[in-house]
Structure formats: structure tokens, C-alpha cells
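Enquirer: I'd like to ask you about the structure that follows.
The values are calculated or read from the model by the stated rules, or taken from the named source; none is laboratory data. On a predicted model such as this, the values are computed, not experimentally measured, just so you know. No Cβ is skipped: glycine too gets one built from the backbone with ideal geometry, and neighbour counts run over all protein chains shown.
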Amino acid sequence: MPIEHANSIPDQNTFPLKIWAPEFVSFSLRHPLGGWRYITRSGVVAAVLCELFKATPKDLKKLEDEFIGSVGYAAIMQSMSDLLRSVDPLGSMALYMVCRLSKPAVVVETGVASGVSSTAILQALKDNDSGELHSVSLPEQASTSVDKDAVGERELGWIIPTQLKEKWRLHRGSSLEVLPSLLDELRPIDVFFHDSDHSFENVAFELKEAIPSLRSGGAIIVDDVNFPYVRRAFSNACNGIQVKPWYIPRLFPPPEEMGLARSIRVVSKDIFEVPS
Ligand SMILES: C[S@@+](CC[C@H](N)C(=O)[O-])C[C@H]1O[C@@H](n2cnc3c(N)ncnc32)[C@H](O)[C@@H]1O
């Protein structure tokens, strides 16, 4: 399925890019392809965000400036050795912008690892001066000796700067065990981000739990929707609440993408079913 582009505003060239920011230059020197893709794909991300959140390129430029000047962005840029596991700089920027534009009180994510996505979200909450992030995750599992050196016994969220941790609540365990009671306690939630186990069953389970807890206008974001079964679970969930899914590109070779949707009305358990 092709990436859906917003076909109205903004002109993709208007998306602001501080490509001369020292962190971006240093990232691009280490990952030239990543740097190039950031530049060439950010317009699509901007177009989707403008469409979904009724934002203007000027709004996004301001947010981009704020993110690039933040401790969270610096921590993310320094952690790029972990690039293959985590959301990348463009994905981080998209998460940051979604959380700035929707000003969430409660964000829930699954899958923490080093904490790149958590850092982007927590930086947005700090800059909004409101909201908290609840992260549900199993510990990192190192499967190869190279991984073991890189991951070792490190704590979940090891790149999250200390000053961003005040609004962070980590819930250890699998989403299967933790999510139902956590969502019972927190609902309504404003943003849900999936980046844990990408099996169809798990993505469908998480969305089946999260969507009835989303407030009207809340956002659902799913990483790696280019995996066919992740995409199927995400688009089934969007069908269930009759919202249009958007697919936004990330840095690595096509078609790596994130799925983003906003609920358009209050949803409740009786109108949401995960199709089999
Ligand atoms: C792709 S990494 C997350 C990357 C992270 N979002 C970031 O941007 O840095 C996946 C994480 O999900 C955890 N995980 C795997 N299966 C899980 C499950 N069923 N429930 C909760 N966490 C899970 C893994 O231990 C790992 O820490």
C-alpha cells in the first residue's frame, strides 16, 4: 500500500529544517544516508501533522526549534548507535510534535529499550508544562554478543536525561499483563504509542485495550507499520473506529513507516472490536 500523502498544505519545501544544528550535522556525518532521508522525508511528516492537527508550517518551525534546542534532542542524537532498535530522529521529531500539538495530559507507550521515544515524549511534556508518560516494557534482551556489549545490564530508558524523568512512570512487564489494569486506572488517555512486540496478536491486543481508553480526538501512533501484520492490526483498529490511518515515513530504506491516526469521537468498548 503506498504512503498516503496529505494532498493539500503545506508545500513540502516549507517544512523547516535546522540542518546546520550541530547535533544534526554530527548525526549526518555518522549516518549520511539517515541525514539525507531526514531532509527528503520530513516534508511528508510535516504535511501529515498539518492535516491532522490543523497546524501551520510556522507552528512546526517553532516546535522544531524548541526540540532541537532541548536536552532531550541532544540525548537522542548522541544515542544513535542504538538506531536500529529505537525510533530515529525523524520519528522522534514526529512524536515530539504530536505531543506538543495535542497537549496530552496522559500518554501511554509500550516498548522502552534505551528510551529514545520516551525522551522525545517527555521533552514535549516538559515543554508543554503538563502531562505524564506511562511506559510499559519488558527488559531489553540482548541476543548476540555484540548486543550484549551494547545493552549489557543497562536499565530501561538509559538515555533519558534525569531532568526529564519527573513526569515518567515506568511499568515493568509485558503489555499483556500490565496494560489492562493500567488503562483502567488512567482512562481517558490522550496519546497511545506502540513500539513493543510487533506480532499481529500483540499489536491487535494493545490497540483493542488502548482505543476504548482514548479520549475523543486522541492520537494513536504505531511504529513499524511497514511490517504487513503490524499494518493489518493498525488498519483493522482504525476501521473499527472509522478513522483514516496516515502512514508517515521514517529514515531507513523504504517503506519504513509510522502509522498515525486520531480518534474522531468518544469510543467505547461496545463499538470497538478487533476484526479477526
Ligand atoms: C523496539 S524496542 C523499543 C524502542 C523504543 N521505543 C525507543 O524508541 O527507544 C522494543 C522494546 O519492547 C520491549 N518488549 C518486547 N515485547 C514486549 C511486550 N510484550 N510488552 C512490553 N514490552 C515488550 C523490549 O524488551 C524492548 O525494550
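Enquirer: What pairs come out if I take residues in segment 187-201 that are on the phi > 0 side of the Ramachandran plot and pair them with residues that are near the ligand (Cβ under 10 Å from one of its atoms) whose C-beta lies under 8 Å away, six or more apart or interchain?
Expert: Cβ pairs passing all conditions: none.
Enquirer: When you check residue 130 against the structure, is it in a loop (DSSP other than H, G, I, E, B), within 7 Å of the ligand (Cβ to nearest atom) and either under 12 Å from the mean Cα position of the chain (by Cα) or not hydrophobic (A, V, I, L, M, F, W, C) (or both), yes or no?
Expert: No: the conditions fail for residue 130.
Enquirer: Report yes if residue 114 is within 14 Å of the ligand (Cβ to nearest atom), modelled with pLDDT of 95 or more and more than 13 Å from the chain's Cα centre (by Cα), otherwise no.
Expert: It is false that residue 114 is within 14 Å of the ligand (Cβ to nearest atom), modelled with pLDDT of 95 or more and more than 13 Å from the chain's Cα centre (by Cα).
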